[in-house]
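A short worksheet on the structure shown next.
The values are calculated or read from the model by the stated rules, or taken from the named source; none is laboratory data. Everything quoted here is computed from the prediction, not taken from an experiment. Here the Cβ is made from the backbone with ideal geometry for all residues, glycine too, and neighbour counts use every protein chain on show.
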Amino acid sequence: MTPKEMRKKSIAMMAVERFHCSQAVAAVGQEKLGRGNDEVIRAMGAFGGGLGGNGEVCGALAGALAVIGLRYSRAHAEEKENPQMWADTQEMVRRFRDEIVKLDGTICCRDIAQVNWLSRTETKAFYQGDKVKKCIRIVGETALLLGEMLERG
């Protein structure tokens, strides 16, 4: 899967299939790595809406960081963690902030999406209005950046 295909698929997952931003980015990232773990995708659902709907860190960014961790971190004590994880996570956060959401000046979902996820009325308006389009774009651009970083090795 190319980075452009990752962008296209992640957009479809969010816009058409109604996955959370965090799930869409994590799913295409896993696929790029040649892995597929439904449990990871389920777990990433709780990161949508800025960490459980609290408006904190953008879920698209959280999904990308999870994939970088999947690539470089460890699950068992006898495994070794690749220190490249830290350089890649720092680059992802910096580029997400400076390139993808630069006009918002933050990585916080509440400021990017301009919605209070704890309000059913605001959440419904978000999905029925134009604000969702911004998040769909962010998901696609985050997936594209992740794909480019993963290809770089």
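Among the residues of segment 95-105, which ones are in a loop (DSSP other than H, G, I, E, B) and either within 24 Å of Val28 (Cα to Cα) or modelled with pLDDT of 95 or more (or both)?
To start, the set of residues in segment 95-105 that are in a loop (DSSP other than H, G, I, E, B) comprises 101-105.
Answer for segment 95-105, where residues must be in a loop (DSSP other than H, G, I, E, B) and either within 24 Å of Val28 (Cα to Cα) or modelled with pLDDT of 95 or more (or both): Val101, Lys102.
How about segment 31-83: which of its residues are surrounded by fewer than 19 Cβ atoms within 10 Å (Cβ to Cβ), over 18 Å from Thr106 (Cα atoms) and among the hydrophobic types (A, V, I, L, M, F, W, C)? Hits for segment 31-83 are Leu33, Val40, Ala43, Ala46, Leu70, Ala75, Ala77. When each of Lys124, Lys134 is tested for being touching a helix residue (DSSP H, G or I) at 6+ places or on another chain (Cβ under 9 Å), basic (Lys, Arg), part of a helix (DSSP H, G or I) and free of Cβ contacts under 8 Å to residues at least 40 places away in the same chain, the lone residue that passes is Lys134. Counting the residues of segment 10-30 that are within 19 Å of Ile107 (Cβ to Cβ) and without any contact (Cβ under 8 Å) to a residue 40 or more places away in the chain gives 1.
Search segment 97-109 for residues that are without any contact (Cβ under 8 Å) to a residue 12 or more places away in the chain and pair each with any residue that is in a loop (DSSP other than H, G, I, E, B) when their beta-carbon atoms are under 7 Å apart and the residues are at least 6 apart or on different chains. Correct list of pairs: Arg97/Ile107.
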